[in-house]
């Protein structure tokens, strides 16, 4: 039986770290849908496309080839690699100006529709751990297990500052996370919300290992 784990949660909640660790634990493919939207945002910025123009962005999403693949053992700077038309853009999509624009790009119905088939196709290839903001609610509503990760904004901002080795920018990261939360939760199309029946874990209180243990245990307890 194919196992599909859908992990949702706000920015900085630990979806990537926990999702990647879980995938390694259960020998599943890890897919970070956020990287797909970041890659599209990068493509739009590079082409000078207005992030408010959903029609043009939808066309761009259908034209671009966006792929997420496992990082090679020597690539210690990442959990996975994202390619935009064959080009490795893993580090570029983490830039602050992409952070600020990705919510605007991803909120458009045309964009999310274009990405939907790509995401579902990725999950159809075998055991998969997919992370994002609408995986359990929209992308994979029939997932084997749905998980929702959360943590307060201060914790998430501190993590971002540590990740970027920029403790002096803590206030900036906090403001950005609060803005992202409001945008993601308030958008009309596929808003960020907890899926019905999801396993909820507070990553501000639980370690990565404890979260992975809890998810793996719940997965193992499900009927065949």
Go through 188, 210, 166 for me and flag whichever is over 19 Å from residue 106 (Cα atoms), surrounded by fewer than 17 Cβ atoms within 10 Å (Cβ to Cβ) and at pLDDT below 95. 166
When residue 124 is run through (1) over 20 Å from residue 6 (Cα atoms); (2) more than 17 Å from the chain's Cα centre (by Cα), the failure sits at (1)
Would you mind stating whether residue 149 is surrounded by 19 or more Cβ atoms within 10 Å (Cβ to Cβ), in contact with a helix residue (DSSP H, G or I) (Cβ under 6 Å, 6 or more places away or on another chain) and part of a loop (DSSP other than H, G, I, E, B)? no
Sole residue being in contact with a helix residue (DSSP H, G or I) (Cβ under 8 Å, 6 or more places away or on another chain), crowded, with 18+ Cβ neighbours inside 10 Å, farther than 30 Å from residue 224 by Cα and at pLDDT 95 or above, chosen from 22, 35, 60: 60
Looking at region 117-126, is at least one residue over 18 Å from residue 176 (Cα atoms), touching a residue at least 40 places away in the same chain (Cβ under 8 Å), out of contact with any strand residue (DSSP E or B) (no Cβ under 9 Å at 6 or more places or on another chain) and buried (at least 21 other Cβ atoms within 10 Å of the Cβ)? no
Can you tell me how many residues within region 105-142 are closer than 18 Å to residue 28 by Cα, in a helix (DSSP H, G or I) and out of contact with any helix residue (DSSP H, G or I) (no Cβ under 9 Å at 6 or more places or on another chain)? 2
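The values are calculated or read from the model by the stated rules, or taken from the named source; none is laboratory data. Here the structure is a predicted model, which is why all the values come from computation and not from measurement. All Cβ positions, glycine included, derive from the backbone under ideal geometry; neighbour counts span all protein chains shown.
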